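We did not get these values from a lab; they are worked out from the coordinates using the rules stated. Computed from a predicted structure; not experimentally measured. When we count neighbours, we look across all protein chains shown, and the Cβ atoms used for this are built from the backbone with ideal geometry, even at glycine.
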């Protein structure tokens, strides 16, 4: 047996847990509805409507309805299978959640929307990783509440994905038109001062809000307080610098950490891999 699939269908959502026990190439995966994928163990190589790239734990991959991707399993073994969790979600459920988010946390421009790209691939937070492990564990252990765990877990997972999409939308607005609205100016300022401590008074002036209103509005739009957002953006920038081959210690100071060891702990908690290993895996080979 090369692959085993466990399937659970509940509440306009379908959860599958795949275990692959031997190396394989060009295995097709097609999305009839929006398909959310997360690695929990091992490594895949994804080929689809995008350049080929590795898919690792602590990462999310989303396929739009009707899209297909081809998958390689270079490291799967019987002793350590490659494990992936997928959740297929009916479009109507996603639309209802978009409407709720638009009512409770409208973006400065436009509204919460579903993913229009063919696919989306990115790192997710520790909280999202914990949520995925809780959903998978509930079914693998035959938890009597697994029906409830999946129902609420899917909404939370989609909410996190949509917030990430909204966050990228806000960052794109900030980069293109930093003076378009107060929050674009706030994000543009943070992005250009990642290595510095947050100046909340300055951000409040940029947003034209009191401290209380600023914190509330920031959390509603970004899904986290300003300091947590700054940490996430620092780690995101650090990952990009490591992928370019920059030394770990230099990266730590470049993005504002005072201690390389503290940076390493934070990076591993966020990405599930030590920065030195991330650099070795992602950095381009030196020229001949």
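Gain on full extension, evaluated as 0.36 nm per residue between residue 99 and residue 219 minus their Cα-Cα distance, stands at 41.4 nm. In terms of surrounding Cβ atoms within a 10 Å radius of their Cβ, 251, 149 rank from fewest to most as 149, 251. Separation of the stretch 263-280 and the stretch 1-51, taken as the distance between their Cα centroids, equals 25 angstrom. Applying Stokes-Einstein at 37 °C and 0.692 mPa s to the Kirkwood radius of the stretch 177-282, computed over alpha-carbon pairs, gives a translational diffusion coefficient of 224 µm² s⁻¹.
Which of rounded, prolate, oblate describes the stretch 177-227, given a ≥ b ≥ c as roots of the alpha-carbon gyration tensor eigenvalues and a/c under 1.5 marking rounded, otherwise prolate only if a/b is larger than b/c? Cα axes put the stretch 177-227 in the rounded bin. Model label points for residue 191 and residue 45, set 7 angstrom from Cα along the Cα-to-Cβ axis, are 3.3 nm apart.
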